[in-house]
């Protein structure tokens, strides 16, 4: 493992010197140079028993002069005095002051002969030399990778490369543990700051991850169900001559890889016209929807949800069809009587699922020959197998988008719960994978919603 | 000071009397009309100079902490000086030329013992200049200016004024001026033919009229003149204030001459009573020009005051006193004064000042450093207790 001296040599020349410092902010005085917010710096330090490197990112730059001269006076002179100049001194007169945050520090551990990264709980010593991480110099990238190894990890999803100023350090990939995908991740930012790009990188990372672990089986595959309200991840910037999206990535796969990582689809859409292979029409059935799903996306009073649950217990998967068909009779069986207003209110709330009003939810009534038309089992199986599914929701309404999310999540979590509760999870897992087979038990009419290219593997 | 002192009637009355006398003096110092006309006549304009080729100009300045530490009967003085040499440059205006020396830092330890004090001070002078005191005295033309006849170097050395260790004002003046001139001497030695080397101040020789006593820096100042003559370098002293009676109405004369309200870019050589037969300064006033020098007043820019430039008379009168050369010199000064950091003042002196000056924090740090070193050498820290601070005087 590289020593502190070896790493310093790979980072030379020195960029500046630490001036004021606190645990919240460091100030560095440096020579005049072309610098950018976000530049990354390393501060070698021997305060304490072990050698350390503090990692620090610039959040603010300012031009200063070496001596105590008011910059305003100099600027006024430049503006108002014709033919004035700024003499060039041998000693640097024009300096740069930068401020920034300590991201943490890497400490050398003799016993393991490695650097371990720690939170910024300590300070570098006074007047520490400061070295800039230059993306043009591979050595400095190598140094950063070594120092941040424990923080960035060497397994998991690649979500990009560490940014040093305006450019990434290509030798320092940043990884996200696969397990993190099951936690809550929020990506927030202003327009144009790169939220979609990050998601695209994440999707790409998941696809790469799934391909890589195919050979070793050392880790779990990862799945992403990506609601894409702007329909951008399928083709990304291909329309304007830029990089292609998931479509382009999938196109580069072999047949075997497609069978293992893509099939039956990677793209779901509300449009009937499909543009390419492994695309499918997104569709749920009324049979997929429970009263609790609707309670998640709509406001229901206690009476209304009780009424919906009573319908569900009475009619099962047909409950929505019965309600929307007006076939509810308060008196036909023993049960709670509900006010006509409550019934009407639930009918109104389910109005977005009436035939003709929705492109997502299909009718279900086997008695009338309306079979189960839903892609939900395929979605669940795909997500269980490790897939990236991009769902174009441009033609779906807000409630339909929320419903799709809710139903998929609820069904998936219910399956997961069942797996955990099962005495022998392996057969149970086999059962979930056989979910699609049970689909054939429902009477169904051919939908042709999932187009497959010739030669693609069949389920 | 008590807060109410400035409100007292007696104080206000004293101030009123004082200002009346000051105003009367102004009226008394006003020159007669014929003198004013003469002043108008000697003022010469020169053009604003934005292009300059082959100009090499250097500046020096010094500072210090006088004393940095005091204890018992002993005092430690710190002296700093710096010099910077520049060449005209079409892109940067001026571009610094490397020299073989940097900022000079010198510590001088003076005690109440006369022999120690004298030896220490002369040793400091030697270290600062890079020449022995005797060498400087021998090669300087100071004695010639005194017209005191042949005096041995040893005698001059023995008669050098060595202030008491506690006389911070005079010790500081000698150390600082010597350090400045020593830096100027080094610049002169390295500057090319025709270069200009400027110090901050004047070329005054305070004891030149005395028969015996003298100050070391007087000899050194003239030694610089001698070396500059030998090297073909223009050596001068530029003072930010002219030090002449304010009633001379020089600015008014310049306005009359140039026909502009904001008169700038002009110079005038100060008439010498002995050479020119007249002088605007009163007989009992300051001697301008000083012995061995000629003096110019110059206005480089309307935002900076009239400045005084002293030059070695010997070299100047023999080699450089043509009107064309005068014009050239002041055009060069004007060009060197166009840096945005000190517009209207030659930047090389400003650069030297910036390098030699000490901030308050630096002075405090220096004091701590000296005390820590002394304690490290075995002295007691209590020796260096600041008496003023301990007694509430600081």
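List of remarks:
- Gain upon complete extension [residue A:37, residue A:212; 0.36 nm per residue less C-alpha separation]: 59.5 nm
- Packing-based ranking, highest mean first, of B:275-284, B:103-112, B:255-264, B:162-171 given that Cβ atoms within 10 Å are counted: B:103-112, B:162-171, B:255-264, B:275-284
- The mean of 1/r over all distinct Cα pairs in segment B:54-101, once inverted, gives the Kirkwood hydrodynamic radius of 13.3 Å.
- Residues of segment B:149-174 with an amide N closer than 19 Å to a point placed 7 Å from the Cα of residue B:211 along the Cα-to-Cβ direction: B:149-161.
- Gain in span if fully extended, residue A:122 to residue A:355, counting 0.36 nm per residue against the direct Cα distance: 77.5 nm
- Gap separating the Cα centres of segment B:342-391 and segment B:10-83, nearest whole Å: 25 Å
- Segment A:92-163 and segment A:296-314 have Cα centres lying 56 Å from one another.
- With Cα atoms, 0 to 90° folded angle of helix B:168-190 axis to chain B main axis: 60 degrees
- Seen against the Cα atoms of chain A and their longest principal axis, helix A:376-385 is set at about 40 degrees.
- The simple spin-label model puts a point 7 Å past each Cα toward its Cβ; for residue A:22 and residue B:377 those points are separated by 4.0 nm.
- Label separation (residue A:219 vs residue A:292): 3.2 nm, computed from points 7 Å beyond Cα along the C-beta direction.
- Shape metrics for segment B:56-356, restricted to C-alpha atoms - Rg then Dmax, Å: 19.5, 62
- Each peptide in A:372-384, B:353-365 was scored by the mean count of other Cβ atoms within 10 Å over its residues; highest first, the order is A:372-384, B:353-365.
- For chain A, the longest principal axis of the Cα atoms and the long axis of helix A:340-349 meet at an angle of about 50 degrees.
- If R0 equals 51 Å, the separation of the Cβ atoms of residue B:303 and residue B:10 corresponds to a calculated FRET efficiency of about 0.80.
- Helical contribution to [θ] at 222 nm, DSSP H n ≥ 4, -39,500 (n - 2.57), averaged over the protein assembly as shown, rounded to 500: -11000 deg cm²/dmol
- Cα centroid separation, segment B:97-116 to segment B:289-335 (Å): 31 Å
- Residues residue B:28 and residue B:275, FRET efficiency given R0 of 35 Å [Cβ-Cβ distance, rounded to 0.05]: 0.85
- Beta bridges per DSSP with both ends in chain A, % antiparallel, nearest 5: 80 percent
- Extension gain for residue A:416 to residue A:69 (0.36 nm times residue separation, less C-alpha to C-alpha distance): 118.1 nm.
- Taken residue by residue and averaged, Cβ atoms of other chains lying within 10 Å of the Cβ of A:71-78 number 3.
- Neighbour-count order for B:380, B:350, B:240, B:87, fewest beta carbons within 10 angstrom listed first: B:380, B:240, B:87, B:350
- Considering only chain B, percent of DSSP beta bridges that pair antiparallel, nearest 5: 80 percent
- Inter-label distance for residue A:6 and residue B:151, nm, one decimal - labels placed 7 Å from Cα along Cα-to-Cβ: 7.2 nm
- Of all DSSP bridge pairs formed entirely within the protein assembly as shown, close to 80 percent run antiparallel.
- For the residues of A:90-98, the average number of beta carbons from a partner chain within 10 Å of their own beta carbon is 2.
- A viscosity of 1.567 mPa s and a temperature of 4 °C, combined with the Kirkwood radius over Cα pairs in Stokes-Einstein, give a translational diffusion coefficient for the protein assembly as shown of 36 µm²/s.
- Residue A:150-residue A:255 FRET efficiency (beta carbon distance; Förster radius 41 Å; 0.05 resolution): 0.55
- Relative packing of A:362-370, B:297-305, which averages over residues the other C-beta atoms within 10 Å, highest first: B:297-305, A:362-370
- The ranking of A:1, A:101 by Cβ neighbour count inside 10 Å, starting from the fewest, reads A:1, A:101.
- Legend: mean number of C-beta atoms from other chains within 10 angstrom of residue C-beta atoms, peptide B:330-343, equals 4.
Here, each number is a calculation from the coordinates, and none is a lab measurement. The shown structure was predicted, so the numbers you read here are calculated from the model rather than taken from an experiment. Cβ: placed from backbone, ideal geometry, glycine included. Neighbour counts: every protein chain shown.
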